[in-house]
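Remarks on the structure that follows.
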Amino acid sequence: MSHENVEVIIQALEAYRAGGFAAGRAFLHPDFEMVRSGFHFTESGTYRGYEAASESMMDYIGAFDDYRAEPEEFIDAGDHVVVAQTELGRARSSRVELRERWYAVFTLRDGKILRLQWFGERAQALEAAGLPG
């Protein structure tokens, strides 16, 4: 089942790239929650449901010109998939270029994304997914 979970995440990220957060909604479990922990987010917290998560992400992404996140590695961890990504963009307020590596841990249930959590360090993400760091 876990390889299928990696495929779900690949498809969800492709849908997001093609049509934004709304395009990825079909991949979300009804009990979806997103956890933004403080490694670089100005607003940390847990956002339950599509609407809360979408609003939070749109606020964050809206602070940048040309924002994009490029997935570079998918790590299969059973019910979890760790995705190493590079985040790119330019801050609208300061014009400072953003290029940062981060790790998303997706937790799946019934073929849907139940939880999404970000980490600034690979070891933290692997540990959250139940893998040795």
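Things to note:
- Candidate set: the stretch 99-133, residues that are open to solvent by 30 Å² or more (accessible area, probe 1.4 Å) and either among the aromatic types (Phe, Trp, Tyr) or under 22 Å from ARG68 (Cβ atoms) (or both); chosen: the one nearest to the chain's Cα centre (by Cα): GLN117
- Scanning the stretch 1-48 for residues that are surrounded by 14 or more Cβ atoms within 10 Å (Cβ to Cβ), more than 25 Å from GLY120 (Cβ to Cβ) and at pLDDT below 90 turns up just one, ALA23.
- Within the stretch 46-98, considering residues that are within 15 Å of the chain's Cα centre (by Cα) and among the aromatic types (Phe, Trp, Tyr), the one nearest to PHE27 (Cα to Cα): TYR50
- Residues of the stretch 55-64 that are over 18 Å from ARG115 (Cα atoms) and either at pLDDT 75 or above or not in a helix (DSSP H, G or I) (or both): GLY62, ALA63, PHE64.
- Residues of the stretch 85-115 classified as closer than 20 Å to GLU73 by Cβ and out of contact with any Lys or Arg (no Cβ under 9 Å at 6 or more places or on another chain), total: 5
- Only one of ALA52, ALA77, ALA91 that is at pLDDT below 85, among the aliphatic types (A, V, I, L, M) and open to solvent by less than 20 Å² (accessible area, probe 1.4 Å): ALA91
The values are calculated or read from the model by the stated rules, or taken from the named source; none is laboratory data. The structure presented is a predicted model; accordingly, all values stated were derived computationally and were not measured. Glycine gets a Cβ as well: all are built from the backbone with ideal geometry, and neighbour counts include every protein chain shown. Side chains are part of the model used for accessible areas, which takes the heavy atoms of the whole protein and leaves out ligands, DNA and RNA. Shrake-Rupley method; radii C 1.70, N 1.55, O 1.52, S 1.80 Å.
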